[in-house]
Amino acid sequence: MFIQSAERIGGGPIVPSKLLLNGRCLTVLLRTLEAVWPEEGCALLVGGSSADGILRLNQVWPACNRWGREGIPASWGDSDSGARNNNFCLDSREQLAAQRWSRQRQQRIIGVAHSHPTGEPVPSSADQRRGEPKQLMLILSAQRQLRAWWLGEDREVRPVPIDVD
Ligand SMILES: [Zn+2]
């Protein structure tokens, strides 16, 4: 008699199976990200996840793109240009306020949305480097294509399907 080994647990990266959001959130998201065009717009994403790995976006928290503004370093030590047209930076005070607000409502920040006013809705190498791991990255292109990505602990990005209900 022998005992079969248990199923492998925690081997691979845990990527959400999909992102759920409603039409109201989608409208707020598009308006927020497009309002500052041709600069990159950004927003915090408040919501939660269910046991089956589905992420739910409940609230879009519009945020200021602080890139290059007072108190924010103009460069992160790489060769990217300092323009807000192709960079974004969140305000840490805004993030804290959103975190507090979310926690009081038994929710959390599940990720960050930003726009690529001239590019594809695909994470740049800077996005991969600067993003918060184990969070969702929503990117809106100039052609109004919205795509979701999961940034793993290994800083690899993986696509997440979006479902609007
Ligand atoms: Zn980007």
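The values are calculated or read from the model by the stated rules, or taken from the named source; none is laboratory data. Computed from a predicted model, the values in this text were never measured in an experiment. In this analysis, Cβ positions are derived from the backbone assuming ideal geometry, glycine residues included, and neighbour counts consider all displayed protein chains.
Things to note:
- Among (1) farther than 20 Å from TRP67 by Cβ; (2) free of Cβ contacts under 8 Å to residues at least 60 places away in the same chain; (3) within 12 Å of the chain's Cα centre (by Cα) - the single one MET137 does not satisfy: (1)
- Taking the conditions (1) at pLDDT below 90; (2) out of contact with any helix residue (DSSP H, G or I) (no Cβ under 8 Å at 6 or more places or on another chain); (3) charged (D, E, K, R) in turn, ARG129 satisfies each one other than (1).
- Residues of region 114-141 satisfying the condition of being closer than 12 Å to GLY47 by Cβ and either touching a Lys or Arg at 6+ places or on another chain (Cβ under 6 Å) or within 11 Å of the ligand (Cβ to nearest atom) (or both): LEU138
- With respect to being over 13 Å from the mean Cα position of the chain (by Cα) and surrounded by fewer than 19 Cβ atoms within 10 Å (Cβ to Cβ), SER102 falls outside the description.
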